[in-house]
Structure formats: structure tokens, C-alpha cells
1. Condition check: open to solvent by less than 20 Å² (accessible area, probe 1.4 Å), of a type in the set (Phe, Trp, Tyr), within 44 Å of the chain's Cα centre (by Cα) and closer than 24 Å to Arg202 by Cβ. Does Phe222 satisfy that?
2. Any chance you could count how many residues in the stretch 255-291 are farther than 17 Å from Arg202 by Cβ and open to solvent by less than 40 Å² (accessible area, probe 1.4 Å)?
3. When you scan the stretch 232-239, do you find a residue that is touching a Cys at 6+ places or on another chain (Cβ under 7 Å) and either farther than 17 Å from Ile299 by Cα or surrounded by fewer than 15 Cβ atoms within 10 Å (Cβ to Cβ) (or both), even just one?
4. What's the number of the only condition in (1) surrounded by fewer than 18 Cβ atoms within 10 Å (Cβ to Cβ); (2) assigned to a helix (DSSP H, G or I) that Gly80 fails to meet?
5. Among the residues of the stretch 120-163, which ones are aromatic (Phe, Trp, Tyr) and touching a helix residue (DSSP H, G or I) at 6+ places or on another chain (Cβ under 6 Å)?
6. Give me the pairs, please: first residue somewhere in the stretch 126-139 and more than 14 Å from Leu29 (Cα to Cα) and open to solvent by 70 Å² or more (accessible area, probe 1.4 Å), second residue anywhere and assigned to a helix (DSSP H, G or I) and of a type in the set (A, V, I, L, M), beta-carbon distance under 9 Å, and either six or more positions apart or on two chains.
7. Could you count how many residues in the stretch 261-275 are within 41 Å of the chain's Cα centre (by Cα) and on the phi < 0 side of the Ramachandran plot?
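The values are calculated or read from the model by the stated rules, or taken from the named source; none is laboratory data. These figures come from a predicted structure and were not determined experimentally. Positions of Cβ are backbone-derived with ideal geometry, glycine not excepted, and every protein chain shown enters the neighbour counts. Side chains included, ligands, DNA and RNA excluded: accessible areas come from the protein's heavy atoms. Shrake-Rupley method; radii C 1.70, N 1.55, O 1.52, S 1.80 Å.
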Amino acid sequence: MKISDAEIQSRLELAALSLRDFELLKDVLPLINSKVDSIVERFYISQLAIDDIAVLIGDADTLHRLKGAQHQYILDLFSGQYDSTYVNNRLRIGMVHKRIGVEPKLYLSAISSLKLILFDVLDKFVVPDILAQTKQSLDKLFYFDTTLVFDTYISSIISELEVAKKKTEMYANSLEVKVSERTVQLEELAKKDPLTGINNQRAMRELASLLLASVARRKASFSLIYFDIDNFKQVNDQHGHLKGDEVLKVISECIRQHARESDVPCRYGGDEFCILLPDADAQSAQSVAERIVASFANIYPDLSLSIGVVQTGPGQHMSLDQMIAIADKKMYQAKALEGSQIII
């Protein structure tokens, strides 16, 4: 905190502290100076009787340092000089109290205890003519000090809140990014077939509606390849499902390798696969299918594929379900023939 001389003067006026108050307090400095050691001892006897304060003070070295600081503080109270040096010392006391965990209630209790001890000394040694005024001046100075200390408390708490707020915002932002990334990952996982890693039927239908709308606007061709693995059930029955899964992974990899970059491969269900080919006629789709057949045959020469190919556009365009229905019929026509067959 930075408090200007003008602000200090304003605070002194708010506390109703005048030059007369300064003079009254300074006049009893010799008295207080002669009694300061006993005042400090009385003060810490009363403070150490409070368990919470005794715990905070802890050891003898800390107590010795505190007694030295309190000794100087008491003399400062009666110095008659309440300038920026005095104010900064009060602010520093507030910061130290906040840092070591002295609660405001404990600070106020300590101030009340010190004031009573000082009042007792004044009652015994100050002449009655100025006693009441001197005690009133000291009371106003304690109020002035307390406002400074509490301003430090409040400023420190606000700073901590600002830091905590920034940390919270940073954490919230990082969490938001992580949630966003995880959401994207989960969305991607929801669209992928967990075994083969290519699109599932749900994703295929979403993409197909977009692609078909696009080719229809551009009056372009769109083809679909639909196939399954012949006698795939026998693979599972004779060699187990792990072998069947391996075959499905291999055919999926063959599709990825030989489909065009713009094509959309999907696992339609079981051993049935579907490939969407935007901006492709049936002959182009057939070429893609032939490359997939050849690649698959190199790994599994005893297995064959039955493939149906259908084209829509560039004039009128069929729906996805219409194309799948036609491709499915073509696939069963291919299945009636021996070996891997492609029917357009």
C-alpha cells in the first residue's frame, strides 16, 4: 500500500487528531519511556494467557523479538510524530500480523489490553488536569492505528483473492480446453467402429447426407461400394472370433490403403462394409473395389468378397437408403458367383 502525505493528513483529521493531541502525547513520553519495560512485560503476561496467542508466539526467541518491536511501538505512540514513517510502520505491522495468521479479533484484543495498561500508567502518574485529554488523544491514536492495520488486512486479502481468482480462471480455462478436447475425442470415438477404427454406420449416415446434398447441388456423380466377406461365419466357427476380428481389421486396412482420400469407408455391421465415393462414377468405384479385392487376396487367398456398386447422379440423385438397397441386391448377385465378384 502507498499512502501519500495528503492521505495521511486526511486520515488524521478523520480520527480527530490535532496538534494539541500530538503535544499531549509527546509530553508524557518521558514517563512512558521510564515505564516501557514494565508495560511490555505486563502486556505479554496478559497475551500469553490467551492460548491462541501463545501458540502463535511459539518460542522464546520469537517472544524476545516481539517484545523489542512492542517496546518501540509504545515509544512511537508518544513520539508526537505521525508522518509517513509512522504510518508505514503501522502498515508493516498489519502485514506481519496477517502473514503469521493473527486474526483480527486477536489483534483487537491485544490493542484493548495495551490501551488498558497504558491508561493505568497514565492514571497513576499524569496530573488530573490533562489526564482525560491525554487518554482521549491516545484513544484516537489507537483508532488511527487500527484503521491502518485493518486496511493492510483488507488489502492483503483482496490481493490473495485476486491471485486466487486468476488461478481459478487459469484452471477453469485449462479445464475448459481439456473438456473441449475430451468432448471432441468422445465425439470421434462415438463415430468410429471400435474394432476396425473406421466410421460406424451412424457416422456414415451423417456424412452421406452432407455428401449427397453437395453432389446434388453441383450435379455431380456419387457412388457407393457395398460388400461383405463370403462365408465369414465359418471363419469364426472354425478359427474363433479372434481370427474373425483379425480378418475384419485386415479388410479395413485394405480399404484405408486403396480408397481415395475423399472417400468415406464405414463398417456397416458384422462383416458388411460400405464406402461412399463422392464425385465418382461406377467405373471409378469399380477400380477402387478391384484394388481392395487384390490387396485382401494377397493376405487371405482362401477368402473372397462379394461386392455391389451403385452410382447416382449426375442428373437425378437417389437417397442413401435407395443406394444401399440396390447395392445390397448387387452384392447378393455377386455372392451367387464363385470367388470375389463385383457387380455394378
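1. Details: open to solvent by less than 20 Å² (accessible area, probe 1.4 Å): yes; of a type in the set (Phe, Trp, Tyr): yes; within 44 Å of the chain's Cα centre (by Cα): no; closer than 24 Å to Arg202 by Cβ: yes.
Spelling it out, it is not the case that Phe222 is open to solvent by less than 20 Å² (accessible area, probe 1.4 Å), of a type in the set (Phe, Trp, Tyr), within 44 Å of the chain's Cα centre (by Cα) and closer than 24 Å to Arg202 by Cβ.
2. Taking the stretch 255-291 and keeping what is farther than 17 Å from Arg202 by Cβ, we get 255-263, 271, 277-291.
Now narrow it down to the ones that are open to solvent by less than 40 Å² (accessible area, probe 1.4 Å): 255, 259, 263, 271, 277-278, 280, 282, 285, 288-289.
Count: 11.
3. First pass over the stretch 232-239, keeping only residues touching a Cys at 6+ places or on another chain (Cβ under 7 Å): none.
No.
4. Checking Gly80 against (1) surrounded by fewer than 18 Cβ atoms within 10 Å (Cβ to Cβ); (2) assigned to a helix (DSSP H, G or I), the one that fails is (2).
5. Start the filter on the stretch 120-163 by keeping residues that are aromatic (Phe, Trp, Tyr), which leaves 125, 142-144, 150, 153.
Matches in the stretch 120-163: Phe125, Phe142, Tyr153.
6. Gln133/Leu24; Gln136/Leu24
7. Pass one, the stretch 261-275, residues within 41 Å of the chain's Cα centre (by Cα): 261-269.
Narrowing the set further to residues that are on the phi < 0 side of the Ramachandran plot leaves 261-268.
Here the count works out to 8.
Residue-wise test of (1) small (Gly, Ala, Ser); (2) under 23 Å from Phe232 (Cα atoms).
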| residue | (1), (2) |
| --- | --- |
| Pro301 | no, yes |
| Thr312 | no, no |
| Gln333 | no, yes |
| Ala336 | yes, yes |
| Ser340 | yes, yes |
